[in-house]
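No value in this document is a laboratory result; all are computed from the given coordinates. Since the model is a prediction, treat every value here as computed from it, not as a measurement. Positions of Cβ are backbone-derived with ideal geometry, glycine not excepted, and every protein chain shown enters the neighbour counts.
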There are 2 protein chains.
Amino acid sequence: MSAEISLGEIIRQQRVTMPLTLQELSDQACVSPSHLGRIERGERFPSARILRKIAKPLGFEEDELFTLAGYLSPQPGSISEAQPGYSGGCLDPYVSRVLSQEPIEVQHAVIGILSMLKSIAKSMAK
Amino acid sequence: MSAEISLGEIIRQQRVTMPLTLQELSDQACVSPSHLGRIERGERFPSARILRKIAKPLGFEEDELFTLAGYLSPQPGSISEAQPGYSGGCLDPYVSRVLSQEPIEVQHAVIGILSMLKSIAKSMAK
DNA sequence: ATTGACTTTTGCCATTTGGCGAATTATAAT
DNA sequence: ATTATAATTCGCCAAATGGCAAAAGTCAAT
């Protein structure tokens with residue numbers, strides 16, 4: 001019940017509080033003033049590219065605006081906690097250590113070979 | 001010099017590894033299969049809205065894809081990679097995430113294969 | 001070979017984004 | 001009041017996004 005306030009209004013509020021004109025913000029962010037204006041009054045919705053550009057000039061953390069825009073779900077940075085989420089597992093430290101001594105191209109090649117082997121295995125399994 | 005590998009390739013690699021078809025991912029993410037296909041082969045660049053939708057189904061942390069897409073600047077503590085220590089050589093994050101989805105035995109097998117290949121290469125070089 | 005069920009790609013189109021330049025509207029300063 | 005000047009908004013356009021349906025591939029089982 002707190003936010004009947006749009007992203008555009010937030011941006012405008014922040015800009016005038018800085019204080020900056022559309023022109024000045026435009027110069028710093030490399031986004032046309034007209035576009036910024038339309039965004040502020042809700043006629044356009046800012047893309048991620050634009051959000052990224054205007055974040056710093058407006059004094060926002062990068063991910064802050066993303067969250068406000070609904071691109072990121074709320075609770076940035078919060079608790080980097082170990083995510084039991086995906087990866088049925090984590091990377092074995094030994095494996096990590098060995099691989100990280102190889103050049104990037106080799107690392108990628110390893111993945112390529114792995115996926116080949118997997119597809120071969122799959123075709124044989126059936 | 002870390003990534004001459006594109007976002008699309010990463011996404012496809014991840015999808016195939018899950019494993020999912022374009023259709024299935026489409027169903028889970030509510031993005032048309034054709035669009036997903038074009039993204040994977042680099043014909044379209046995914047918007048933030050799309051990235052957000054496909055992140056979870058693919059097992060990505062939300063901000064991870066944003067970072068890969070260049071929407072967010074790198075740094076989220078992220079990457080399941082093993083934590084302390086071997087900052088010496090760096091393991092490509094992409095490689096890390098693909099490998100960490102394999103069971104430990106497979107991870108070790110990969111290292112085994114790698115060392116075989118290296119010794120073969122060495123013997124041929126001489 | 002041929003059928004049939006999937007998976008991926010292509011063609012086409014509606015919608016959005018975002019820029020540029022021309023109005024329009026403040027804001028001052030004479 | 002009347003300019004001059006800055007700030008914002010409007011009109012139009014090019015480019016990109018993303019969906020849908022139809023066309024290619026794939027691949028197994030006849």
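Overview of values
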item	result
Test item: A:100-106 mean partner chain Cβ contacts at 10 Å	6
Efficiency of FRET from Cβ geometry, B:GLU9 and A:ILE5, R₀ 41 Å, rounded to 0.05	0.55
Peptide B:60-72, shielding by other chains (average Cβ, 10 Å cutoff)	4
Candidate aspartates and glutamates for bridging to B:LYS122, where Cα separation is under 17 Å - those fewer than 8 sequence places away on the same chain excluded	A:GLU102
Label-to-label distance, nm, for residues given as B:MET116 and A:GLU24 (7 Å Cα→Cβ offset)	6.7 nm
For segment B:1-75, alpha-carbon Rg relative to the globular expectation (2.2 N^0.38 Å, N residues)	1.01
